[in-house]
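One structure is given here, and the rest of the page talks about it.
Bear in mind these aren't lab numbers, they're just calculated from the coordinates by the rules spelled out. From a predicted model like this one, the values you see are computed outputs, not experimental measurements. Cβ sites come from the backbone with ideal geometry, for glycine too, and all protein chains shown count toward neighbours.
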Amino acid sequence: MEVKETNLKGCYILQPKIFEDKRGYFVESFNQKIFNKLVGLNVNFVQDNESQSSKGVLRGLHFQRGEYAQAKLVRVARGSVMDVAVDLRSDSETYGHHFSIILSDENKTQLYVPRGFAHGFLVLEDNTVFNYKCDNYYNKASESGIIYNDKDLNIDWNMPEKDLIISEKDQQLLPFKTL
């Protein structure tokens, strides 16, 4: 597995080794020992989640506050997404900056999003299946988020706004400056 830090400190791109032959392919999508060694952290994932979405669905930008903050390791099992991480750590030199990457079933790329970040993704293909490991349990009372079209973050989702499918709940998220 290859690991590369993004422009956001502590946020990593992981590219697993893919073994292909005429039968298909094999990939080890996660190995705790290797992961912890490569990112230099001791992360213990406790919850796996999966979502299936249609093209144009935008989920995010989500995070959990306080003791329920979550780090996530995300990947796409089928289809593709534009994945976005936003640094919310006020003491970070990249506070308020974001990183985006295309994750797909073809490239098998994964993104590690540490605690203290908001996360979201835009689905680029119908029937996309998105997987994420979390290092803390979900707690409804701690959930929060930032509106996807926040003027200060200025994220280019690379899709016309009229084509976005956004839940009513996500449309009510607050601007970045209100955090």
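Quote the FRET efficiency, to the nearest 0.05, computed for ASN127 versus GLU93 with a Förster distance R0 of 45 Å and r equal to the Cβ-Cβ distance. Mind dumping the intermediate values first?
Working: r = 39 Å, r/R0 = 0.87.
So, using R0 = 45 Å, E works out to roughly 0.70.
Assign one of three labels to region 1-92, namely rounded, prolate or oblate, based on the Cα gyration tensor with a ≥ b ≥ c the square roots of its eigenvalues; rounded applies when a/c is under 1.5, prolate when it is not and a/b is larger than b/c, and oblate otherwise. Provide the component values of the computation, followed by the final result.
Numbers: a/c = 1.87, a/b = 1.26, b/c = 1.48.
Oblate.
Let's see if you can work this out: charge +1 on each Lys and Arg Cβ, -1 on each Asp and Glu Cβ, no other charges. What is the dipole magnitude of region 1-160 about its Cα centre, in debye to the nearest 20? Working shown, then result.
Values: 19 positive and 21 negative charges, 68 e Å.
Here region 1-160 has a charge dipole of around 320 debye.
Mind checking the full-extension length gain between PHE26 and LYS162? Use 0.36 nm per residue of separation minus the Cα-Cα distance, one decimal, nm.
Working: separation 136, 0.36 × 136 = 48.96 nm, distance 3.87 nm.
Result for the pair: 45.1 nm of gain on full extension.
Would you calculate the convex hull of the Cα atoms in the chain and tell me its volume per residue in Å³?
Working: hull volume 21.8 nm³, N = 179.
With only Cα atoms used, the chain gives 122 Å³ per residue.
Return the calculated 222 nm mean residue ellipticity for the chain, to the nearest 500 deg cm²/dmol, obtained by summing -39500 (n - 2.57) across DSSP H runs with n ≥ 4 and dividing by the residue count. Provide the component values of the computation, followed by the final result.
Values: 2 runs with 12 residues, N = 179.
Only helices count here, giving -1500 deg cm²/dmol.
Counting other Cβ atoms within 10 Å, which trypsin sites (Lys or Arg not before Pro) in region 70-179 have at most 10 and lie in a DSSP loop?
Values: sites: LYS72, ARG75, ARG78, ARG89, LYS108, ARG115, LYS133, LYS140, LYS151, LYS162, LYS169, LYS177; in loops: ARG89, LYS108, ARG115, LYS151.
Counting only loop positions with at most 10 other Cβ atoms within 10 Å, the trypsin sites (Lys or Arg not before Pro) in region 70-179 are LYS151.
Along the Cα→Cβ direction, 7 angstrom out, place labels at LYS55 and GLN172. What is the inter-label distance in nm?
If labels sit at LYS55 and GLN172, their model points lie 3.1 nm apart.
Quick check: from the Cα gyration tensor, does region 76-175 come out rounded (a/c under 1.5), prolate or oblate? Walk me through the numbers on the way to the answer.
Numbers: a/c = 1.40, a/b = 1.20, b/c = 1.17.
Here region 76-175 falls in the rounded category.
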